[in-house]
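Report on one structure; see the data block that follows.
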Amino acid sequence: MSHRRTSTTTADTDDDVLAQLGIRPELSRRTSAFQNFAISLTVICILAGGQTMFGFGMIHGGPVVMLGTWIAIGFFTLLVGLSLADVVSAYPTSGGPYFMASKLGGPRWGWLVGWLNLLGLLGAIAGIDYGAAQFTGAFIQMQWGIAPTDATTMLIFAIILLVHGLLNSAGVRVLNLLNSVSVWWQLGGVALIVGALTLSSSPHQSPSFLLTFHNEGGLHSPLQVVLVGSLVAGYTFCGYDASAHIAEETTDAQVSAPRGIVRSIWVSWVAGFILLAGMLLAVQDYDGTLNSATEVPPAQIFLDALGAAGAKMLILVVIVAMLLCGNAEVGASSRMVYAFSRSRALWGWQSWQMVNERTRTPTRAVWLSVVVPFVLALPALYSTAAYGAITAINAVGMIPAYGIPVYLALRKGRDYRPGPWNLGAWRKPIGIIACLYVVVITIVFCLPQNAPITTDSFNYAGITLVIALLFAWVTWQTRGKKAYQLTADRTAQPSEALIEEGI
C-alpha cells in the first residue's frame with residue numbers, strides 16, 4: 001500500500017483539501033496522528049465489548065468459538081478497515097462514510113449511509129454508556145451491598161451522559177487528552193487483568209479448555225451457534241470510523257486518519273485475543289460464572305480468582321475504560337451530527353451545524369448526541385427486549401455504512417481518485433472480500449440467537465435494520481430530495497422554496 005506524501009503537509013494544505021471538496025474549515029485542527037488513532041481504539045474498546053459480551057460468548061459456543069471467531073472476525077474487519085481507510089484518504093471529512101458515499105454514488109447513497117451511520121452511532125452511545133451504568137451498579141452492589149434497580153441504573157446512565165456532554169463541550173483538546181489516556185488505560189488494563197488472573201494462586205484451566213464447545217442458548221445447529229458466537233467480536237469491532245469523523249480536526253488528515261483506522265483495528269485484534277484467553281483460563285466454575293449473582297460474568301471470574309478486593313479493582317479498570325469509550329463515541333457522533341446538518345439532512349440543521357466560537361466545537365451537536373441516546377435507552381425501564389431492539393441499530397447500521405463507500409469506490413473503477421494513503425493494486429481484491437464480509441456479517445447480526453424464540457429472546461436486529469432502511473427511504477422522498485446539499489454554502493440563507501416547505 002502507498003502512503004507517501006509529495007510535500008510537507010500543513011494545516012493550510014489540509015484545509016486546501018477541504019476546499020477542493022467544497023467544505024469551509026471551521027473546526028480546530030489540533031488532533032495529532034496518535035490522537036486520531038486513539039479515538040478509534042477508544043471507541044472499539046475491547047475492555048467494553050469484550051466484557052459486556054463475555055457471557056454471551058460463553059453461552060453461544062464457549063471458548064473455542066470465542067477465540068476462533070475473534071481471530072476470523074478480526075482479520076475480515078482489518079480488510080474492511082483497510083478498504084475504508086483508502087476511501088477516507090480521498091475524502092478526509094467529518095461526514096465520514098456518508099460524505100464518501102455521496103461523492104462516489106450520488107446523494108441518495110449519501111442519505112442512506114448517513115442515516116445508517118448516525119443511528120448506529122447514537123445506538124452505540126446508548127449501549128456503551130448503559131453498559132457502563134450496569135457495571136457501575138454491579139460495583140456498588142459488591143462494595144456496599146446495594147442491589148441496583150432499573151431506575152437506579154437509568155439514573156447512573158443519565159449522569160454518565162451528562163458528564164460526557166460537559167467534557168465534549170470543553171473542546172477537542174480535552175477529547176484528545178482523554179483519548180490519549182484511554183490508549184494506555186486500555187492496553188495497561190488488559191495487561192493488568194491478564195497478569196493478575198495468571199499470577200493468581202487460584203486454579204487455572206488447562207490449555208485444552210480453550211478448545212471446548214458450549215451451547216447454552218438452545219440452538220440446534222452447531223454452525224448457527226458458531227455464527228452467533230462470532231458476534232462477541234462482531235459487536236466489539238465497530239466504531240473505527242471515528243478516525244474519519246475527526247479528520248477535519250486532524251493534521252495531515254489524508255494519511256493520519258486512514259492510519260488511525262487500520263492501527264486501531266490490529267491493536268484491538270491482538271490485545272483482545274490476549275484478554276479473552278486470559279479470562280477464559282481463569283474461569284473456575286462455568287455454570288457459576290454464567291449465573292453469577294452480580295449478573296456480570298467477568299465480575300464473577302474476578303471474584304473467584306482474586307477475591308472481593310481484587311475483583312473491585314479490576315471492575316473499576318473496566319468501568320473507566322467504558323466511560324472513556326462512551327466519551328469518545330459522543331465526540332465521533334457529534335461530528336457526524338455537525339457534518340450531516342451542514343448538508344441540511346437533519347431537522348433543525350441550522351442549529352446543529354453551529355460551532356462554538358471559543359472552543360471551535362459543535363457544542364449543540366454534542367448535546368443532541370447525549371439526549372437522543374438517553375431517549376433510546378428509556379425502554380430499558382420496562383423491557384430489556386425493547387431496549388435491545390433499539391440499540392441493535394449500533395452494529396447493523398454501522399457495518400453496512402462502512403461497506404457501502406468501499407463498494408461504490410470499486411464500482412467507480414478507474415474513475416476513482418485515491419488519496420495519498422491507498423492500497424494500490426490491492427484495492428480491488430481486498431475491497432471485494434471486504435464487501436462480501438459486510439453482507440455476511442450483517443446477515444449474522446440478524447440470525448436468531450436463542451431457542452425457543454420468545455418475546456424476550458427474539459433478535460430484533462433484522463427488524464431494526466428494516467425500520468432504519470424504511471426511515472431513510474421515506475425521509476429521502478419527503479425531505480432529502482429537496483433539502484440535502486452535500487457541500488451547501490454555509491453563509492447562504494435557506495432558499496425561499498425550502499422555507500415554504502418548512503425545511
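The values are calculated or read from the model by the stated rules, or taken from the named source; none is laboratory data. This is a predicted model, so every value here is computed, not measured. Quick reminder, even Gly has a Cβ in these numbers, built from the backbone with ideal geometry, and neighbours come from all protein chains shown.
A few notes on this one:
- Residue in the stretch 39-50 that is hydroxyl-bearing (Ser, Thr, Tyr), touching a helix residue (DSSP H, G or I) at 6+ places or on another chain (Cβ under 6 Å) and in a helix (DSSP H, G or I) present: yes
- Residue selected from the stretch 365-383 under the condition more than 21 Å from the chain's Cα centre (by Cα) and part of a helix (DSSP H, G or I), by the criterion surrounded by the most Cβ atoms within 10 Å (Cβ to Cβ): Pro379
- Scanning the stretch 215-253 for residues that are over 23 Å from Phe273 (Cβ atoms), over 17 Å from the mean Cα position of the chain (by Cα) and crowded, with 24+ Cβ neighbours inside 10 Å returns Glu248, Glu249, Thr250, Ala253.
- Selected residue (only one of Tyr338, Tyr286 is on the phi < 0 side of the Ramachandran plot and buried (at least 23 other Cβ atoms within 10 Å of the Cβ)): Tyr338
- Matching residues in the stretch 25-39 - criterion: being surrounded by 24 or more Cβ atoms within 10 Å (Cβ to Cβ) and either of a type outside the set (A, V, I, L, M, F, W, C) or free of Cβ contacts under 8 Å to residues at least 24 places away in the same chain (or both): Thr31, Gln35, Asn36
- Hey, Ala332 over 30 Å from Pro297 (Cβ atoms), modelled with pLDDT of 95 or more and buried (at least 24 other Cβ atoms within 10 Å of the Cβ) or not: no
- Looking only at residues in the stretch 477-496 that are in a helix (DSSP H, G or I) and more than 18 Å from Gly348 (Cβ to Cβ), the one that is modelled with the highest pLDDT is Gln477.
- Among the residues of the stretch 399-422, the ones that are surrounded by fewer than 21 Cβ atoms within 10 Å (Cβ to Cβ) and of a type in the set (A, V, I, L, M, F, W, C) come to 1 in all.
- The number of residues in the stretch 17-59 that are farther than 24 Å from Phe302 by Cβ, of a type in the set (Gly, Ala, Ser) and under 20 Å from the mean Cα position of the chain (by Cα) comes to 3.
- Contact map, the stretch 417-437: residues that are closer than 14 Å to Ala85 by Cα and of a type in the set (Val, Ile, Thr) paired with residues that are at pLDDT below 95 and surrounded by fewer than 19 Cβ atoms within 10 Å (Cβ to Cβ), Cβ distance under 7 Å, separation 6+ or inter-chain. No pairs are found.
- Check on Leu281, over 24 Å from Asp150 (Cβ atoms) and in contact (Cβ under 8 Å) with a residue 24 or more places away in the chain: yes
- Yes/no for Phe34 being at pLDDT 95 or above, hydrophobic (A, V, I, L, M, F, W, C), assigned to a helix (DSSP H, G or I) and within 22 Å of Val174 (Cβ to Cβ): yes
- Test: Ala299 is at pLDDT below 95, surrounded by 22 or more Cβ atoms within 10 Å (Cβ to Cβ) and not aromatic (Phe, Trp, Tyr): yes
- Only one entry of Gly114, Gly61 meets the criterion of being surrounded by 24 or more Cβ atoms within 10 Å (Cβ to Cβ) and on the phi > 0 side of the Ramachandran plot, and that entry is Gly61.
- In the stretch 226-259, the residues that are hydroxyl-bearing (Ser, Thr, Tyr), more than 15 Å from Leu121 (Cβ to Cβ) and assigned to a helix (DSSP H, G or I): Thr236, Ser256
- Residue within the stretch 403-410 that is over 19 Å from Pro107 (Cβ atoms), part of a helix (DSSP H, G or I), aromatic (Phe, Trp, Tyr) and out of contact with any strand residue (DSSP E or B) (no Cβ under 7 Å at 6 or more places or on another chain) present: no
- For the stretch 189-214, the set of residues classified as surrounded by 14 or more Cβ atoms within 10 Å (Cβ to Cβ) and closer than 30 Å to Ala38 by Cα consists of Gly189, Val190, Ala191, Leu192, Ile193, Val194, Ala196, Leu197, listed by residue number.
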